[in-house]
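Only the coordinates and a few stated rules stand behind these numbers; no lab work does. Just so it is clear, the model here is predicted, and its values are computed rather than measured. For neighbour counting, all protein chains shown are included, and Cβ atoms are generated from backbone atoms with ideal geometry for every residue, glycine included.
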């Protein structure tokens with residue numbers, strides 16, 4: 001029995017926090033993120049040689065009907081620290097050049113760690129089944145870029161701060177499901193938003209009990225930092241995360 005299968009079986013019948021951990025288990029043994037800083041430039045430029053980004057699970061809270069949420073501003077009624085998500089989709093099969101007309105879905109939790117479209121169960125006690133905040137779909141431009149306006153994600157037990165991403169080609173065929181991790185450290189955006197400065201914006205959980213990338217069951221094996229985005233900005237003006245995601249299209 002492989003180690004992953006053994007660990008998965010050991011957690012059967014655990015608490016709701018453990019259920020979330022298992023539902024978020026990796027779909028493959030490809031790389032994720034554990035370091036505190038990004039190793040890439042994440043600007044959408046082609047290097048001519050690249051590796052397809054790690055494949056991850058889309059659960060446990062994937063968007064139910066993503067085609068109905070075509071929008072760049074995904075905040076709806078959620079408040080928090082201003083946040084912009086910039087994703088460049090690059091095609092490994094064309095010397096890592098930008099992939100235009102790719103369909104990109106993203107979703108993430110709110111500042112309190114809750115997802116829309118789910119709830120009222122052991123996985124998430126608060127019932128948000130009737131709303132669709134912090135979910136959206138966009139199509140890449142000639143530079144392979146999509147941009148979303150959001151709020152800085154919060155966190156929940158068992159997971160580091162993260163964003164889910166599902167990429168399709170122009171015909172709607174799935175190319176990749178992955179996740180974006182956040183740089184960590186005492187001066188990082190994650191530490192700042194969840195620190196004293198973030199209380200004014202409604203981030204009240206702090207960092208006590210936070211799961212860092214190195215211990216996250218999705219990102220812990222990413223020694224190269226392939227899934228860690230690059231973050232710029234500050235808490236008053238808002239932050240921007242930028243990430244190159246590589247697919248084979």
Between residue 174 and residue 147, what is the label-to-label distance in nm when each label sits 7 Å out along the Cα-to-Cβ direction?
-> 3.0
Length gained if residue 196 through residue 125 is fully extended, taking 0.36 nm per residue and subtracting the Cα-Cα distance, is 22.9 nm
Taking Cα pairs under 8 Å and at least six residues apart, what relative contact order does the range 115-249 come out at, in percent?
-> 18
Label-point separation, residue 208 to residue 95 (7 Å along Cα→Cβ), nm | 5.6
For the range 172-249, the percent of all C-alpha pairs falling in each 10 Å bin, from 0 up to the bin holding the max distance, is 16, 41, 31, 11, 1
